[in-house]
1. Take the range 158-193 and flag every residue that is in contact (Cβ under 8 Å) with a residue 24 or more places away in the chain and more than 17 Å from Leu91 (Cα to Cα).
2. Would you confirm whether any residue within the range 54-62 is without any contact (Cβ under 8 Å) to a residue 60 or more places away in the chain, among the aliphatic types (A, V, I, L, M) and more than 16 Å from Ala80 (Cα to Cα)?
3. Yes or no: the range 215-236 includes at least one residue that is within 15 Å of the ligand (Cβ to nearest atom), among the charged types (D, E, K, R) and in contact (Cβ under 8 Å) with a residue 60 or more places away in the chain.
4. Any residue in the range 85-108 that is touching a residue at least 12 places away in the same chain (Cβ under 8 Å) sitting within a Cβ distance under 8 Å of a residue that is more than 7 Å from the ligand (Cβ to nearest atom) and aromatic (Phe, Trp, Tyr)? List the pairs, counting only those 6 or more apart or interchain.
5. Quick check on my filter: what residues within the range 49-82 are of a type outside the set (D, E, K, R), more than 27 Å from Gly138 (Cβ to Cβ) and part of a loop (DSSP other than H, G, I, E, B)?
6. Quick check: anything in the range 188-195 under 20 Å from the mean Cα position of the chain (by Cα), over 20 Å from Lys165 (Cβ atoms) and either within 16 Å of the ligand (Cβ to nearest atom) or not in a helix (DSSP H, G or I) (or both)?
7. Which of the residues belonging to the range 219-246 are in a loop (DSSP other than H, G, I, E, B), exposed (fewer than 15 other Cβ atoms within 10 Å of the Cβ) and not acidic (Asp, Glu)?
8. Kindly indicate which of Arg181, Arg257 is among the basic types (Lys, Arg), in contact with a helix residue (DSSP H, G or I) (Cβ under 7 Å, 6 or more places away or on another chain), more than 26 Å from Arg23 (Cβ to Cβ) and modelled with pLDDT of 95 or more.
Amino acid sequence: MFEKTLLAGRNILITGGGTGLGRSMALRFAELGAKLHLAGRREEPLREACDAIRAAGGAASYSCCDVRDFAAVERMTAEADAATGGIDTLLNNAAGNFIARTERISPNAFNAVVGIVLHGTFHATLALGRKWIAAGRGGNVLNIVTTYASSGAGSGYVLPSACAKAGVLALTRSLAVEWARYHIRLNAIAPGPFPTEGAWSRLLPSGDWEQRWKDHHPMKRFGRHEELANLAAYLLAPQSEYVNGECVVIDGGQWLRGAGEFNNLAELPESVWQQLETARKK
Ligand code: COA
């Protein structure tokens, strides 16, 4: 489906690129010809991800950076430009999340998540957007949100993330219009459950919840990293240039299952369906 050179000549910056979905997308983009620059807080995973990209024949560099700090983001984007010859694509993937009852969290806990997710996305987008506008070169931004943002439903027990991701979606749609005149395109992806060490360790209350979530999923499985990476590659490729301000859900139908009033009937045993059908015929 994808040409091996789909992203050739592209210089892509990925925040949170050293681990989880960021790392998987980085490897896939490199496979499709892009040069990568990865940013994250911890050096070790960044170095390991860059080594993996290079071992597969790709090109990658990294910077340590906490996206909550705008000055650090400006330094990081300068390093990224120097390492790659000029970043033209930004993937805002860095995130923070945890499950908790909201009345138990502190303002600092709220700030920690909103700082990474919303402020971090704004910081990286602003730092690169300013450069692209000044240079008149255009650019591409892809933001990772969640289905509780794209559905507008929000979600209990992850309140800081729900607020932050809703903000990221608003940022995506607002700037997609405002910056279209500069040939800067912004889109978002709302992934459902894609297992990663970071998310699973913070969002699964216990081991048996994993099976419970799978049992409740319409497709009875979680997403595969390559499925997300291929969607991201498409949204960043020139072939999707007229897609702007869009948020694409990739969750195997999970959020719709919760939205449809009668979807829980999937759990109805065959014997009850038989009774209903017999009664209808009388
Ligand atoms: N429940 C309630 N409060 C929590 C919490 C939890 N599970 N985890 C952290 N906090 C609170 C801390 O107590 C602290 O608040 P306090 O100073 O009032 O006590 C505040 O959040 C910041 O925590 P700290 O660990 O100092 O911040 P950090 O910047 O190192 O970590 C997080 C940020 C909390 C978002 C952390 O989970 C993280 O680094 N996440 C990044 C990776 C990630 O989340 N990946 C999954 C994405 S889906």
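1. Restricting attention to the range 158-193, the residues satisfying the condition of being in contact (Cβ under 8 Å) with a residue 24 or more places away in the chain are 158-161, 163-165, 167-169, 171-173, 175-177, 179-180, 182-193.
Answer for the range 158-193, where residues must be in contact (Cβ under 8 Å) with a residue 24 or more places away in the chain and more than 17 Å from Leu91 (Cα to Cα): Val158, Leu159, Pro160, Ser161, Cys163, Val177, Ala180, Tyr182, Gly192, Pro193.
2. As a first pass, look at the range 54-62 and keep what is without any contact (Cβ under 8 Å) to a residue 60 or more places away in the chain: 54-62.
Now narrow it down to the ones that are among the aliphatic types (A, V, I, L, M): 55-56, 59-60.
Still in the running and more than 16 Å from Ala80 (Cα to Cα): 55-56.
Checked the range 54-62: at least one residue is without any contact (Cβ under 8 Å) to a residue 60 or more places away in the chain, among the aliphatic types (A, V, I, L, M) and more than 16 Å from Ala80 (Cα to Cα).
3. We begin by selecting, within the range 215-236, every residue within 15 Å of the ligand (Cβ to nearest atom); these are 222-223, 225, 228.
Subsequent filtering for residues that are among the charged types (D, E, K, R) retains none.
Among the residues of the range 215-236, not one is within 15 Å of the ligand (Cβ to nearest atom), among the charged types (D, E, K, R) and in contact (Cβ under 8 Å) with a residue 60 or more places away in the chain, which makes the answer no.
4. Asp88/Trp132; Ile99/Tyr157; Ala100/Tyr157; Arg101/Tyr157; Thr102/Tyr157
5. Answer for the range 49-82, where residues must be of a type outside the set (D, E, K, R), more than 27 Å from Gly138 (Cβ to Cβ) and part of a loop (DSSP other than H, G, I, E, B): Ala56, Gly57.
6. Our first condition is that a residue be under 20 Å from the mean Cα position of the chain (by Cα); within the range 188-195, this holds for 188-195.
Filter once more, keeping what is over 20 Å from Lys165 (Cβ atoms): none.
Scanning the range 188-195, I find no residue that is under 20 Å from the mean Cα position of the chain (by Cα), over 20 Å from Lys165 (Cβ atoms) and either within 16 Å of the ligand (Cβ to nearest atom) or not in a helix (DSSP H, G or I) (or both), so the answer is no.
7. Our first condition is that a residue be in a loop (DSSP other than H, G, I, E, B); within the range 219-246, this holds for 219-224, 237, 241-246.
With the extra rule that they be exposed (fewer than 15 other Cβ atoms within 10 Å of the Cβ), the set shrinks to 219-221, 224, 241-243.
Selection gives Met219, Lys220, Arg221, Arg224, Tyr242, Val243.
8. Working: Arg181 fails: in contact with a helix residue (DSSP H, G or I) (Cβ under 7 Å, 6 or more places away or on another chain).
Matching residue, one of Arg181, Arg257: Arg257.
The values are calculated or read from the model by the stated rules, or taken from the named source; none is laboratory data. Keep in mind it's a predicted model, so treat the numbers as computed, not measured. FYI the Cβ positions are ideal-geometry reconstructions off the backbone, even for glycines, and counts take in every protein chain you see.
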